[in-house]
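So the structure is just underneath, and the comments pick up after that.
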Amino acid sequence: MSEVADKVKKIVVEHLGVEESKVTETASFIDDLGADSLDTVELVMAFEEAFGVEIPDDAAEKIGTVKDAIDFIEKQKAA
Amino acid sequence: MFAQGFAPRRVVVTGMGIVSPLGVGADHVWGRLVAGESGISAIQGFDVKDLPAKVAGQVPAGSRADNRFDPSEYIPVKEQKKMDRFIQLAYAAAVEAVQDSGWEPEDEPSRERTGVMIGSGIGGLETIQETAKLVAEGRTRRISPFFIPASLVNLASGHVSIRYGFKGPNHSAVTACATGVHAIGDAARLIALDDADVMVAGGAEAAICELGIGGFCAARALSTAFNDTPAKASRPWDKDRDGFVMGEGSGVLVLEEYEHAKARGAKIYAEVVGYGMSGDAYHITSPSETGDGAFRSMRNALRSAGVAPSEVQYVNAHGTSTQVGDNIELSAVERLWAEAGNKLAMSSTKSATGHLLGAAGAIEAIFSIQAIRTNTAPPTLNLEEPSRETVIDLVAKEAQSRKIDVVLSNSFGFGGTNASVVFKRV
């Protein structure tokens, strides 16, 4: 597992108060991990803070799963 | 507005929950209060070197088993960050009250007839203070999506309704230091007027932060002369009093329509028999010099109760320990009670808890009910020498055993808002 993936999962566990085993790459924040729309806004802010990246609102709206977040952040960091 | 022949319904108290500087739990807190213990101590949470007031009534941290407060025993950690401390305190007091009442209906019609009315004088002040720092640092984009719902006063009622599925009236009072009485009185009226059968009602406050202490210091409202002897700082009517001591916490009652409570075999602590309100129309922070506002508030409450002053054995005073306010209230009580004053006991429990602002009227409602239940007038601590004489017994320093069937409790707030509530033994 990449360093980014590891860190993303840690943040999700922390912010949504879910068990680590549930935070699979395909897990949806809202459907699988019990987040509501405000939780996802806060999650995105936590990703921004942790990775020093900016996630614009239109991009944030497309981040629905753990994998979406990892992919977006890895792409940003590679750019 | 009402069908012809409609008669107001009786309202009783069937649950009590308290989280206070004297600890958690209605009987535990009452025991400490009657024993003359103080909940005032040096401020712990932040550096007070720039603040003239350095003492407060802080809720003791620890486990419920020790009658202390740990938010995690009531609220999942994930949810706590969505609530300012005042909401956490309200939530805990509400859980305590609801469990005490045994009213946790599963059926939809019952839930629709159960509402929540928990107020706060200020709301999420510490959350506002911390979030404002982000703005000052130019980090406005870092404001939490939970900032607004964590700070709003009515979110205490909101969270409690979500926890229990209570779908009746969801409301909130915000009248500074009169909030607690207004919430209880207004909620009782909602039941009396058939808008609900059960209301979870009270107040919560958590303003012991730099912004709260600093703000009241700036208004010259807080005690500053007893920083080295915190337990002596709150001394209503005493000649050396020099301002109020801020407290934090929450008090919540379960109010219930009388027949509803009887039908389910609920234990009934007391009846809410009277409620009165008034406005001073005088000054933003000072009470009217004549005590006219306090007088009319109490008179209105007794009138709605159909009770004469001579039938009231105990008054739980607003009595904040300020130079001006204490004797104005005393004069208003003397005027209303007249000759009956020499049989009256009146004390200020703020001498032990500090002034819980929007929660004051709510915890003092619980103390008023406990006074009836135990036939005991709680003491006014630190009343060494009253600043003036009175025929009224101010219950100096030690609790008194008295026959107490009817109690009136006062709360007055900035803006010149006054509220009084009357409880009676059932």
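FYI, it's all coordinate maths here, none of it is from the lab. What you see is a predicted model, and the numbers here were worked out from it, not measured in a lab. Heads up, the Cβs are rebuilt from the backbone with ideal geometry, glycines too, and the neighbour counts pull from every protein chain shown.
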Rounded, prolate or oblate: which fits chain A when a ≥ b ≥ c are the square roots of the eigenvalues of the alpha-carbon gyration tensor, with rounded for a/c under 1.5 and prolate only if a/b beats b/c?
-> oblate
Nitroxide proxy distance, nm - points 7 Å out along Cα→Cβ at B:Glu73 and B:Tyr258 = 3.6 nm
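Could you sort out which of B:Lys133/B:Lys350; B:Lys267/B:Lys397; A:Lys10/B:Lys82; B:Lys81/B:Lys350; A:Lys67/B:Lys133; A:Lys9/B:Lys81 sit more than 24 Å apart by Cα distance in this structure?
Details: B:Lys133/B:Lys350 33 Å; B:Lys267/B:Lys397 32 Å; A:Lys10/B:Lys82 20 Å; B:Lys81/B:Lys350 30 Å; A:Lys67/B:Lys133 33 Å; A:Lys9/B:Lys81 19 Å.
Violating the 24 Å Cα-Cα cut-off are B:Lys133/B:Lys350; B:Lys267/B:Lys397; B:Lys81/B:Lys350; A:Lys67/B:Lys133.
Can you give me the relative contact order of the range B:234-302 as a percent, contacts being Cα pairs under 8 Å and 6 or more apart? Display every interim value, and only then the final one.
Working: 35 pairs, mean separation 16.9, N = 69.
Rounded, it is 24 percent for the range B:234-302.
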For the range B:121-179, just list the percent of Cα-Cα distances falling in each 10 Å bin from zero outward, please.
-> 21, 40, 27, 11, 1
For the protein assembly as shown, calculated [θ]222 nm from helices alone, where every DSSP H run of n ≥ 4 adds -39500 (n - 2.57) = -10500 deg cm²/dmol
Specify the inter-centroid distance of the range A:1-48 and the range B:46-65, based on alpha-carbon positions, in whole Å.
-> 35 Å
For the range B:172-209 and the range B:294-328, distance of Cα centres in Å = 19 Å
Two-site label geometry, B:Ala132 and A:Thr24: point separation in nm, points 7 Å out along Cα→Cβ | 4.8 nm
Short version: what are the Cα gyration tensor semi-axes of the range B:279-342, square root of 5 times each eigenvalue, largest first, in whole Å?
-> 21, 14, 9
Could you put B:Leu381, B:Leu330 in order, starting from the residue whose Cβ has the fewest other Cβ atoms within 10 Å?
-> B:Leu330, B:Leu381
Percent RCO, i.e. relative contact order, over the range B:156-235, from Cα pairs under 8 Å lying at least 6 residues apart = 17 percent
To one decimal place, what Kirkwood hydrodynamic radius in Å is obtained for the protein assembly as shown from all pairs of distinct Cα atoms?
-> 23.8 Å
Across the range B:93-156, how large is the tail of the calculated P(r) beyond 15 Å, expressed as a percent of all Cα pairs?
-> 65 percent
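Would you order B:Cys177, B:Cys209 from fewest to most other beta-carbon atoms within 10 Å of each residue's own beta-carbon?
Details: B:Cys177 26, B:Cys209 20.
Lowest count first: B:Cys209, B:Cys177.
Find the relative contact order for the range B:77-164 and round it to a whole percent, using C-alpha pairs within less than 8 Å whose residues are 6+ positions apart. Working shown, then result.
Details: 70 pairs, mean separation 41.3, N = 88.
The value is 47 percent.
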Just for the Cα atoms in the range B:30-144, what are the lengths along the principal axes, largest first, rounded to whole Å?
-> 50, 46, 25
Enumerate the whole-percent occupancy of each 10 Å bin, from 0 to the last occupied one, for all C-alpha pair distances of chain B.
-> 5, 24, 35, 25, 9, 2, 0
Yeah, the range B:144-227 with a ≥ b ≥ c from its alpha-carbon gyration tensor (a/c under 1.5 is rounded, else prolate when a/b outruns b/c, oblate otherwise) is oblate
Inter-chain shielding of B:142-154 (mean C-beta neighbours from other protein chains, 10 Å cut-off) | 2
Classified through the alpha carbon gyration tensor (a ≥ b ≥ c as square roots of its eigenvalues; rounded if a/c is under 1.5, else prolate when a/b is larger than b/c, else oblate), the range B:314-426 comes out rounded
Cβ-based exposure ranking for B:Ile43, B:Ile284, in which fewest neighbours within 10 Å come first | B:Ile284, B:Ile43
